[in-house]
């Protein structure tokens, strides 16, 4: 006969907790008398949160050392997680309602949201030819000089490289006038207690073809890579440069042969790194030239899913296996503007955009559920004072159930749904 759970040694019970997902550890805590004694121990809550963030982000910086947090802070992070999970919580409803009053702030000018550092008050903005860090809590720029950039920020924004207290973000800019020079920037943000404590950057000119082409960036702790492919070609040129390095190292240039040609202007190329392996993803745009213009359009959201292979790292075998087929969700309507108003959260589980259907713009989140590999659609309630057809930028923080909107009147709106 199997022993009752409350008769097991505490260390065995903690091993069980290590395999549980929210909210199961809390249910176990409330029903198991021997485990209830752990309620006021930081080690228990750290274990619960560490287990949780192996599956989904929690409302703190990605690489935050949880052992540095107080018992009260750890419990507040758990409460935040509970508000995000479960079929009855507001965030998971088909029509989530605002849980807190909307916050609005005046920006220094027309702004593009480049990035939000997870679990902090730091929002990276491009406004007035400058890149700055905005304090979401105080509604003011952080007291560090903004970075002057040349031209506009292009679509070449890479996923960041994060370490405890550090977030580095690479992006590309292009001059608005001839000769249309392209520059590659690496912005390094050091933060503590959710605030910027130091801001640095480095940049250099990168060579791109004169005609149509595809470009992508990737970043590690000490290297930044730039990939460019001409339209109609199947060869990519990869330039790798040193970053955060006192020694001046020469760039490394190599040729990567893709598995097919990039044949049209309606395709997408992006790259990312995982455990030292470089992955290049190509996507075809779906076309609908034969559709009747009088019928509503359909927007497809496709999630490329992958799993760990746990293969021995021999430098060749991929640590990721890409599942087939992809998971796709369809939403009726059309994008209110263009792909500049489509954004994905830190975990890659929530995509937010503005969709127009029957001439009414609506704020839509398409969510991927990795446990069961399915998607859901959520239409977020927004105040009538926000003109969704007049937005400049959108951002979603899935770990906090929060959405940020910047409009063309230089206003930033913070909408909280938990």
Cα-based helix-to-principal-axis angle, 42-53 vs the chain, degrees rounded to 10: 40 degrees
Gain in span if fully extended, residue 190 to residue 33, counting 0.36 nm per residue against the direct Cα distance: 52.2 nm
Relative contact order (%) - the chain, alpha-carbon pairs under 8 angstrom, separation at least six: 14 percent
R0 of 41 Å, Cβ-Cβ distance residue 373-residue 175: FRET efficiency to nearest 0.05: 0.40
log10 of Debye I(q)/I(0), alpha-carbon scatterers only, for the chain at 0.06, 0.11, 0.12 Å⁻¹: -0.28, -0.96, -1.14
Residue 150-residue 304 pseudo-label distance in nm [points 7 Å out on the Cα-to-Cβ vector]: 3.1 nm
Estimated translational D of the range 94-189 in µm²/s (Stokes, Kirkwood radius over Cα pairs; 4 °C; 1.567 mPa s): 87 µm²/s
Column: log10 I(q)/I(0), Debye, Cα scatterers of the range 5-84, q = 0.16 Å⁻¹: -0.55
Simple label model, 7 Å out from Cα along Cβ direction - residue 258 to residue 359, nm: 4.1 nm
At R0 = 35 Å, FRET efficiency that the Cβ-Cβ distance of residue 26 and residue 102 yields, to 0.05: 0.70
Separation in nanometres of the label points that stand 7 Å from Cα toward Cβ, at residue 278 and residue 79: 4.7 nm
Normalised alpha carbon radius of gyration of the range 117-287 [divisor 2.2 N^0.38 Å]: 1.09
Cβ crowding within 10 Å averaged over residues, with 389-400, 353-364 ranked highest first: 389-400, 353-364
Residue-averaged [θ]222 nm for the chain, counting only DSSP H segments that reach four residues, each worth -39500 (n - 2.57): -3000 deg cm²/dmol
Tilt relative to the chain, helix 71-84 - C-alpha long axis, 0 to 90 degrees, to 10: 70 degrees
Relative contact order [Cα under 8 Å, 6+ residues apart], the range 117-287, whole percent: 13 percent
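Rule-based calculations on the coordinates, nothing more; no lab input. Here the structure is a predicted model, which is why all the values come from computation and not from measurement. We place every Cβ from the backbone using ideal geometry, glycine too, and count neighbours over all the protein chains shown.
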